[in-house]
Amino acid sequence: MPKFISGKMSNEVTRDELESFEKDNIKRYSNEEITVYWRPGLCIHSANCLTGSPLVFNMNRRPWISLKGATTEELIKTIDTCPSRALVYRKIREEPIPPSENKPPSSGNATIRILKDGPALISGDFLLQNSEKQPIETKSGTIALCRCGSSAKKPFCDGSHVRIGFKD
Ligand code: SF4
Ligand code: FES
């Protein structure tokens, strides 16, 4: 579920995400203050990261993320603009990660957000089914569903809306 702090979306990692990252061996980049997690399968190619912090996020460099290019405050500001939560972060604090038994009860809510010229983002507690009512596996609490019809991995968005210049 996306978090909102003072009315602003926050891409700080959730406990559920953190647990799944440990299992799925998600890519991560750390400095002394922050760890940034990157899920390429969720990227919808909005380029917010590239334009927000070009010294940190650079597709022409390997690795493409270098935390040296910005302060932690700037990094957080940019990552909070990633619409699909392909990028999330965890501030490195002294307290340990809370145990999963302490998870807050599920709200049972889902949010659907239509992105301009892009996919529909769904976050929260939802069940995705195909036309036969069979469940479709989702690995994350946030998914992007294709609206342009050009994705090679439908029903999910693969960023093709940018290539075809989808407008809606
Ligand atoms: S979806 Fe997120 S990671 Fe992908 S380009 Fe946009 S801001 Fe960057
Ligand atoms: S909306 Fe992203 S590939 Fe179709």
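If you plug the beta carbon distance of Lys23 and Ala120 into 1/(1 + (r/R0)^6) with R0 = 41 Å, you get a FRET efficiency near 0.95. For the pair the range 154-168 and the range 10-56, the centres of their Cα atoms are 21 angstrom apart. For the chain, the 222 nm mean residue ellipticity estimated from helices alone, with every DSSP H stretch of n ≥ 4 adding -39500 (n - 2.57) and the total spread over all residues, rounds to -4000 deg cm²/dmol. Across the chain, C-alpha contacts under 8 Å between residues 6 or more apart give a mean separation that, scaled by the residue count, equals a relative contact order of 23 percent. Taken over the chain, the ratio of Cα radius of gyration to 2.2 N^0.38 Å equals 1.06. Each Lys and Arg contributes +1 and each Asp and Glu -1, all at the Cβ; summed about the Cα centre of the chain, the dipole is approximately 580 debye. Working note: Cα atoms of the range 3-91, range along each principal axis, descending, whole Å: 32, 31, 29.
Each reported figure results from applying straightforward, stated rules to the coordinates on display, with no laboratory input. Treat the numbers as computed from the prediction; the structure is a model and nothing was measured. Heads up, the Cβs are rebuilt from the backbone with ideal geometry, glycines too, and the neighbour counts pull from every protein chain shown.
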